[in-house]
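Worksheet: the structure to be examined is printed underneath.
The values are calculated or read from the model by the stated rules, or taken from the named source; none is laboratory data. In this text, all values refer to a predicted model and were calculated from it rather than measured experimentally. FYI the Cβ positions are ideal-geometry reconstructions off the backbone, even for glycines, and counts take in every protein chain you see.
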Amino acid sequence: MNKRWLAILLLVGCLWGNLGFAIWQPATVPLAPVHWSPQVQWITSAQPSYRFYTRHTFYGPETVQAAWVRISADNDFVFNINGRQSVIRENGALNSPKGLTYRRKVPLQDFSDTLPYAAETGLNYALASSPDWKISVYLDLTNYVRPGKNVIAIEVMKGDPNPRIAIEGQVLPETDVTPIDLSTGATPWQVSTLAENRSAVRWFHLEFDDSQWPEAVPLGPVYETTYTRLSQRLFDRPVQGSWIATAGPWLYQTWQVPRRATRSLLRYAAVGEPAVFINGRLVDTQPFTQGKQLRMFDVTAYVKPGKNKVAVHLAQPVDNSWTRDTGEEPPSIFVDAWAESKQGDVPVPQPSESGWIRDIPNPALSVFVDAWAESSQGHVLSAIQTDGSWRGGDDWSGAHRIVPSPTVLVRQVMSQEFIHHFLGYPFLQCTGWYVSHQLLWWGLGCGLSISLAWGLGRLWLHRQENALAVGADLLLPSLVFLLGAVLLKHRHGEGMWAIWLEQSGGNLNWLLGSLLVLLLTLISWDCPRWQRYGLISGASVMGLGLLFSQSLSPGSIFLILGGLAAVVKWQLLARLEQLSCRLLAALETGPQWQRSAALGGILLLGFGLRVYRLTKENLDSDENTSYDATRGILRTGAPLATSGIWYTRGPIFHYLLALWLRLVGDSVFNARFFSVIIGTATLLLMFYITQRVTGRVWIALVVTLILALNPWEIWYSRFIRFYQMVQFTTLLTMWAFIRGFIDDQGRRHQYVFFVALAATLLIQEVSLTSTPGFLLGYLCFGPRFRWHRDWRLWLNTFMVMAIFAYDIIFFKIKCLTPWTALSSSTTSYLSPHLLDVTGFLACFFVGPNRLEILYTMFFFIGFVYFLRQQAGLVLFLFSFVCLNLLVLTLLTYQIAERYAYGVYPLFVMLAIYSAIAITQELIKTLRQGFPHWPVGVLVGLCLTLLLTSNLELGRIVHSYSQAMGRRNTAIFEYIRDHRQAGDVVISPTPSFGPVTIGPVDYFLMGTWFLDATYWRNGRLLDRWGGGVVVTNVDQLERVLETSQRVWVHIDDARQSRLSAQILEYVQTVGKPVYDSFGTSLRLWDPADGWLPHTPEQGKDLGAY
């Protein structure tokens, strides 16, 4: 018997159970809008720049109750205070394809508790940076503020020349005086577009004189909505209560929380081994603490309206001698809690029931607790803290009649003694409770779905037999809706959409949406008129309820209104389905010009996206390498780099590019246009491959359109490197293999296969990993080998391998130079290993910002589907992609997604084909139960919306106006325009020099870069321009002493490779002259009269 109905009911039940449990007991802190003060304004610099530096000076009191700031920076920032560098930072713009708040160095201030995938992808996608400013950042400054002068210094950077920042904050003195305002717009902030320094005093140091800096330009109040998961009260509410002690192991207190409280928080500090409980559930425990950390939790899920019990257990020390030997205080704890109203009001703390009792024989344990409950507007409604009303003893539950122990005051709590740590929801501390209740809700959900299905089948439709099966068919559209919601939430779990998906009330909207889909399903079912009118009324009421929900976005409101309109005008969807069927039929059987016109439009769109603003981005390091080698071919006929060494990688690409530049002229635009042509030709080739594999023209057009809009394809189609060409030749090899060995179209296609395979191997040597896939295809589809008939195949194979071997040997002789040191970068990149077996898989199947997650899901589900269908050719392509990734994982040391770029279009094609095939099966199933329902157009629209949202078209469009790569070319163009005779240049990335200014004089190498050097005449030089390698401060000082003027290039992406001493040296030498996105330039002139001084530790003049 077919048990499909059981699977449907169980899946719906589990999804409903998940939503119900998440609504009842949220497992994460939801996002909430930030309420900015009307006085706070965005500020920026008067001069347009990709980066600016701003400072604010204020004078702190003797003692501080609380000090905090809230920051929204568009888009990256580094926060410094009183000379302490990088207190918090966010620098995700240098890898713009990554998700929201990528590389934010602030714990638990992301937009969700979801851990990002460990996909180490690079800047290889045409995606603009995520708007990180939408997630505001809080910082507690209580421990940083000192009496007297204080300075906050912030660096702000963005891919557009209009960065901005909004700051709100205060310093609350201990005395009852006016708080010190730190907000932008309300207080003066100085700004500069250069990272200036006065000798060794840098721009963020306390002693720096910023009197010559102009004031920041205000841009207006913060009207945009920003979000946070934190409560402002965690920072602006001074700690309440005192350290208290008791003779027993337990301390407890009753906490009254009003019903209108929407959020409850607790913070505590302890000396000893504490365990904090609320209503018998563990909040936090620590093995040992010295009371320096103020641990803060959101305990909303632990607190109920009315009476709650807060208890703290401190383990009795085995040996008390440590307090006498170390002079530390005895084990103690501080607790502070409160409840807020929707308006953010905090009532007067509950009065103590008794005074302090000081005469305790053995005050071995003590505690400090502070907790409160808030409203949705952040106003505090109720609060408790450790005071005389707390009780101690050997038991806290009240089950045993034990006389409570009195409490004793240890000392008053001081705000500046703590380091604040917000730890979010403490669910991990009670895993057993969480799992048991999750299972309970799954059971309730499954029970509800089975009961509802039986009731609909037996009572509503009056089916005596198979009532559950009929009811399950009615729930199938709701299941599709819920699965689509799960996919949407997971796909955008690291991106912009997650801001809406993670807000409070989102789970309730999904649950009500599934019930709305159920009502619409019942309306479409054959039923009496009175029932249909009742269902329409119910669906309208539920739809309007969702419409006026505060958490819905305008797009969701539009979808709901469109759905309700479709209910009223059902014929519109039916006509749309008929129109789509006629359109697809015309593409398949209509005149050839229709198919050609559709394909031509897609190719024109792809070409336009690839050629538009082609020179907007500065050249990448790899682009400079290939462009320099190509210019060497134009000069000498050999791929000779400026340094004088041969660059023999990708000879076919570089010689064809040189021929192209000889014909059309040598320029960056023309060099990139060569890749544009190849990228557009790749789209055409993929159309023919997809048409052959699927047998459908319209599927081939859909795949071609998605590849035309794909950000990875767009990026490398605008790139001076051989990756786009190797993808084209890989696909050409696959097409020739299918035609020559699977379709058996003759030896001409087989010869094309071998020529294309040889070209692929010569363009990029790592493409050798694709050969096992072709061998597998020949064993599965090729005819039985006979020597007298097929000797040409082995001869061609031998010739291809011989050419490849010659290329590798030539590369080792002419391109590789003697090793300068032993490291992982000096060994072959193609060698068997098991160092990281998930690196390539994560990069390829996940991508940046989960870009490939949907494709991956459809890819593997389709693999199983076509395996059941026994589709031989499709299964071969699945195996080819997987085998190529497997061989890359096992043979390639360097993990980079670009090595799998050649098979990426096949992966996308198989994923889209699988999605369409599975959708068609789903449509067939739904039409059996809903013959009069326009199933095809509804399911098709859902799939279209899902795939369209996956492309993130908004970020693709914005990428054409935003700098994504570091603007190093602009730095070297500035050097070229201002360089004088006798000047020398030092750079950590000398590959940018040869194309713009010629060889760089000195290469500031750092670490992990040993494959970039070579020996010549006893000197260690860089392989791009022949610059002398500099690795320490002594060599830098020698360069300054022997040079007239020195240009020092600082690349933000290379700072991690430099030691702290060298980095500090180059950031203070000379004066700043140019600053751009991800890079800056300094000029040292002896006339400035100052040279950085380093402690004398002997001389290190480098390698000899």
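Numbers below:
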quantity: Flag for residue 1008 being in a strand (DSSP E or B) and either farther than 16 Å from residue 968 by Cβ or modelled with pLDDT of 90 or more (or both); calculated: no
quantity: Spans of helices (runs of 4 or more DSSP H) in the stretch 417-501 with at least 3 residues at pLDDT 85 or above, closer than 30 Å to residue 948 by Cβ and under 23 Å from the mean Cα position of the chain (by Cα); calculated: 467-491
quantity: Residues of the stretch 602-644 classified as under 25 Å from residue 1051 (Cα atoms) and of a type in the set (A, V, I, L, M, F, W, C), total; calculated: 4
quantity: Any chance residue 886 is more than 17 Å from residue 707 (Cα to Cα), under 29 Å from the mean Cα position of the chain (by Cα) and either free of Cβ contacts under 8 Å to residues at least 40 places away in the same chain or surrounded by fewer than 20 Cβ atoms within 10 Å (Cβ to Cβ) (or both); calculated: yes
quantity: Index of the failed condition, residue 901 passing every other in (1) assigned to a helix (DSSP H, G or I); (2) surrounded by fewer than 18 Cβ atoms within 10 Å (Cβ to Cβ); calculated: (2)
quantity: Condition check for residue 381: in contact with a strand residue (DSSP E or B) (Cβ under 9 Å, 6 or more places away or on another chain) and at pLDDT 85 or above; calculated: yes
quantity: Residue selected from the stretch 1035-1087 under the condition among the β-branched types (Val, Ile, Thr) and part of a helix (DSSP H, G or I), by the criterion nearest to residue 980 (Cα to Cα); calculated: 1039
quantity: Residue 984 vs. criteria surrounded by 18 or more Cβ atoms within 10 Å (Cβ to Cβ) and under 38 Å from the mean Cα position of the chain (by Cα); calculated: no
quantity: Residues located in the stretch 209-261, provided they are free of Cβ contacts under 8 Å to residues at least 60 places away in the same chain and assigned by TED's automatic domain parsing to the domain that holds residue 411; calculated: 254, 259
quantity: From 115, 15, 10, 6, residue being closer than 30 Å to residue 842 by Cα and part of a helix (DSSP H, G or I); calculated: 15
quantity: Residue satisfying all of: in the stretch 1056-1074; free of Cβ contacts under 8 Å to residues at least 40 places away in the same chain and surrounded by fewer than 18 Cβ atoms within 10 Å (Cβ to Cβ); farthest from residue 202 (Cα to Cα) among these; calculated: 1056
quantity: Residue match in the stretch 761-782 (condition: under 37 Å from the mean Cα position of the chain (by Cα), in contact (Cβ under 8 Å) with a residue 12 or more places away in the chain and not in a helix (DSSP H, G or I)); calculated: yes
quantity: Pairs with Cβ under 7 Å, 6+ apart, first in the stretch 501-523 and without any contact (Cβ under 8 Å) to a residue 40 or more places away in the chain, second part of a loop (DSSP other than H, G, I, E, B) and not acidic (Asp, Glu); calculated: 501/492
quantity: Condition met for residue 959 (of a type in the set (Ser, Thr, Tyr), surrounded by 19 or more Cβ atoms within 10 Å (Cβ to Cβ), in contact (Cβ under 8 Å) with a residue 40 or more places away in the chain and in contact with a Gly (Cβ under 8 Å, 6 or more places away or on another chain)); calculated: no
quantity: Total residues in the stretch 742-757, condition more than 25 Å from residue 807 (Cβ to Cβ) and of a type outside the set (Lys, Arg); calculated: 5
quantity: Set 200, 195, 245: member being out of contact with any Phe, Trp or Tyr (no Cβ under 9 Å at 6 or more places or on another chain) and among the aliphatic types (A, V, I, L, M); calculated: 245
quantity: Matching residues in the stretch 893-922 - criterion: being touching a Gly at 6+ places or on another chain (Cβ under 9 Å) and farther than 21 Å from residue 863 by Cβ; calculated: 895, 896, 898
quantity: Only listed residue being out of contact with any Ser or Thr (no Cβ under 9 Å at 6 or more places or on another chain), at pLDDT 90 or above and farther than 28 Å from residue 741 by Cα, chosen from 944, 856; calculated: 856
quantity: Tally, over the stretch 182-204, of residues that are closer than 29 Å to residue 235 by Cα and assigned to a strand (DSSP E or B); calculated: 4
quantity: Selection from the stretch 68-82 of residues that are out of contact with any Gly (no Cβ under 9 Å at 6 or more places or on another chain), closer than 16 Å to residue 140 by Cβ and surrounded by 22 or more Cβ atoms within 10 Å (Cβ to Cβ); calculated: 79, 80, 81
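Residue-by-condition table, conditions (1) at pLDDT below 95; (2) over 20 Å from residue 501 (Cα atoms); (3) surrounded by fewer than 19 Cβ atoms within 10 Å (Cβ to Cβ):
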| residue | (1), (2), (3) |
| --- | --- |
| 3 | yes, yes, yes |
| 7 | yes, yes, yes |
| 18 | yes, no, no |
| 21 | yes, no, no |
| 41 | no, yes, no |
| 54 | no, yes, no |
| 66 | yes, yes, no |
| 84 | yes, yes, yes |
